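Taking it in order: structure first as C-alpha cells, then the write-up.
The values are calculated or read from the model by the stated rules, or taken from the named source; none is laboratory data. Every value quoted in this text rests on a predicted model; they were computed, and no experiment measured them. Reconstructed Cβ throughout: ideal geometry from the backbone, glycine too, with neighbour counts over all protein chains shown.
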Amino acid sequence: MNVALIGSGKMGRMIRGMAADYDMTVTAVFDIDDPLRDDDETKRRLDAVPVLIDFTVPDAALPNVRTAALLGKNLVVGTTGWHDSLPAVGEIVRSAGIGVVYAANFSLGVNLFYKIADYAGALFAACSRYEPYLLESHHKAKKDAPSGTALALASILGSAMNRSDIPVTSLRAGYIPGMHEIGFDSRSDTVRLVHSARSREGFADGSLLAARWINGRTGLYRFADVLDDVLSGT
Ligand SMILES: NC(=O)c1ccc[n+]([C@@H]2O[C@H](COP(=O)([O-])OP(=O)(O)OC[C@H]3O[C@@H](n4cnc5c(N)ncnc54)[C@H](OP(=O)(O)O)[C@@H]3O)[C@@H](O)[C@H]2O)c1
C-alpha cells in the first residue's frame, strides 16, 4: 500500500522510517515548501496513493483536510490543536465521501490505558473512600499543560466516577517523552496506574495502523474505532 506524508518533521520522519514494517511505501512527502495542493501535478504524484498521513501544525490541519477532500484522498490526521473544527471536518468528509481517522494520541498503549482508566474509575467510584488524581510529566519543550492525553484521561475518569473535581498536576522538565499516572488514594493505601512512553515510535505505529484501516472506508473516525476493530479481531 502506498501512502503520502504531509509534514516531514519529527513524526513525519519517524513514520517514513517505519512504513516498511507495515508493508507500506511512502511515495510522496509534502512539507512547508511543497504543501498539499489541489492541482494536476499533485494528482499525478498521488495517482497510486489512497491515504495521506498529516503530522503538521494546527493551522494546516483543516486546509489539508479540505485539499484531501478535493483530491478524493483518505486521511489520517495526527496533528493536534484543531479539534474545535471537528464539526466542519465532519461536514467536509461527508460531502466529499472520503474517510478520515484522527486522534490526539495514536499510541496503542495510551488508547488501551484509556479503557483501563474507564474500568478502574467505575470500580473505585463504588468505594467512596478513594480519591482520584492525575499526574503527567513531559519534556521541557512541550508547550501545552495539562497534555491532551491528561485531559482525555480526566474526562474518562470524570465520567466513570461521576465527578468533575479530579486534580491534574503537570511537570515539564528535561527530556521525558511522556508519563501519565492515574492514582486512587485512601487513608490506608494508594493504587497507581502508570503509562510511560519510551519514544515517538508508538504514535507512528498507531498512525500506520490507522492508515491501513481507513483505506477504502468513508466517514470520520476516532482512533478508538480502529482499536475496537483490532481488539475484536476484525
Ligand atoms: N496524535 C499523536 O499521536 C501525535 C503524536 C506526536 C505529535 N503529534 C502532533 O503532530 C504534529 C506534528 O508533530 P511533530 O512532532 O512532527 O512536529 P514537528 O517536528 O514540528 O513537524 C511538523 C512539520 O510540519 C511542517 N509543516 C508546517 N506547515 C505545513 C504545511 N502546511 N504542509 C506541510 N508541512 C507543514 C513543519 O515545517 P517547518 O518546520 O518548516 O515549519 C514541520 O516540518 C503536532 O501537532 C503534534 O502535537 C500528535
Residue set Met14, Met18; condition surrounded by fewer than 21 Cβ atoms within 10 Å (Cβ to Cβ) and either more than 9 Å from the ligand (Cβ to nearest atom) or at positive phi (or both); output residue Met18
Matching option when the condition is touching a residue at least 12 places away in the same chain (Cβ under 8 Å) and more than 15 Å from the ligand (Cβ to nearest atom), among Asp38, Asp23: Asp23
Exception for Gly178 within (1) in the same structural domain as Ser95 (by TED's automatic domain parsing); (2) at pLDDT below 95 falls at (1)
For segment 18-124, please list each of the strands (runs of 3 or more DSSP E) lying entirely inside it that holds at least 1 residues being under 25 Å from Asp228 (Cα atoms). 51-54, 74-77, 99-102
Has segment 219-233 got any residue that is under 17 Å from the mean Cα position of the chain (by Cα) and more than 30 Å from Gly72 (Cα to Cα)? no
Scan Ala48, Ala117 and give me the residue that is more than 10 Å from the ligand (Cβ to nearest atom) and over 29 Å from Gly158 (Cα atoms). Ala48
Checking Leu108, Leu70 in turn, the sole residue that is surrounded by fewer than 21 Cβ atoms within 10 Å (Cβ to Cβ) and either under 12 Å from the mean Cα position of the chain (by Cα) or in contact (Cβ under 8 Å) with a residue 40 or more places away in the chain (or both) turns out to be Leu108
Restricting segment 176-234 to residues that are charged (D, E, K, R) and part of a strand (DSSP E or B), the one surrounded by the most Cβ atoms within 10 Å (Cβ to Cβ) turns out to be Glu181
